[in-house]
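Have a look at the structure below before the remarks.
The values are calculated or read from the model by the stated rules, or taken from the named source; none is laboratory data. Note that the structure is a prediction, hence the values are computed from the model and not measured. Please note: Cβ atoms are built from the backbone with ideal geometry, for glycine as well, and neighbour counts cover all protein chains shown.
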């Protein structure tokens, strides 16, 4: 068992969300389901309480906690992508069926969870010791919703 596991709070969609996330990402699987006992408030005995799963090896637990809490952009999951095809694939899957695009590679999925779909090349470019290059790339990123690696590369070469 991992020392740290991400817990995502849902209002009855834990099973659905775990199935969705494990269908989007490779190397993902559901690892367990726990059911509420009589001790769980709200008369939910027998209902799904938590679903444990892994996304690309990262452990996550989906908790059917109720309507009290909601996701916000204060917490997001970053997906590091090696190609534009990978960016495009995750972007399309996570914005489908009610998800929403945001800015600078951010989006919300249909459950309201925030994701950053980030090309590894972006990190390399904005980490460049050439600060003028890094600034051009960063400014280009600020104009995008879904990140476009070619546009980032073009911005890097402008100087």
Requested in this report: Output the residue which, of all residues in the range 76-104 that are in a loop (DSSP other than H, G, I, E, B) and in contact with a helix residue (DSSP H, G or I) (Cβ under 7 Å, 6 or more places away or on another chain), is farthest from residue 28 (Cα to Cα).
Outcome: 104
Query - First in the range 111-133 and outside the structural domain of residue 83 (by TED's automatic domain parsing), second anywhere and part of a helix (DSSP H, G or I), Cβ under 6 Å, 6 or more apart - result: none
Report task. Mind listing whichever residues of the range 70-115 are closer than 20 Å to residue 153 by Cα, crowded, with 16+ Cβ neighbours inside 10 Å and touching a strand residue (DSSP E or B) at 6+ places or on another chain (Cβ under 7 Å)? Result -> 79, 81, 87, 91, 105, 106
Report summary line: Sole miss for residue 67 among (1) surrounded by 11 or more Cβ atoms within 10 Å (Cβ to Cβ); (2) at negative phi is condition (1)
Report task. Report yes if some residue within the range 131-145 is closer than 30 Å to residue 157 by Cβ and under 13 Å from the mean Cα position of the chain (by Cα); otherwise report no. Result -> no
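Hey, can you tell me all the residues within the range 24-62 that are over 18 Å from residue 5 (Cβ atoms) and in contact (Cβ under 8 Å) with a residue 40 or more places away in the chain?
Selection gives 24 alone.
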Report task. Inspect all residues belonging to the range 47-59 and state whether any of them is in contact with a strand residue (DSSP E or B) (Cβ under 9 Å, 6 or more places away or on another chain), modelled with pLDDT of 95 or more and outside any strand (DSSP E or B). Result -> yes
Query raised in the report: In this structure, does residue 93 turn out to be in contact (Cβ under 8 Å) with a residue 60 or more places away in the chain and within 24 Å of residue 147 (Cα to Cα)?
Result: yes
Query raised in the report: Is there a residue in the range 18-36 that is modelled with pLDDT under 95, outside any strand (DSSP E or B) and more than 14 Å from the chain's Cα centre (by Cα)?
Result: yes
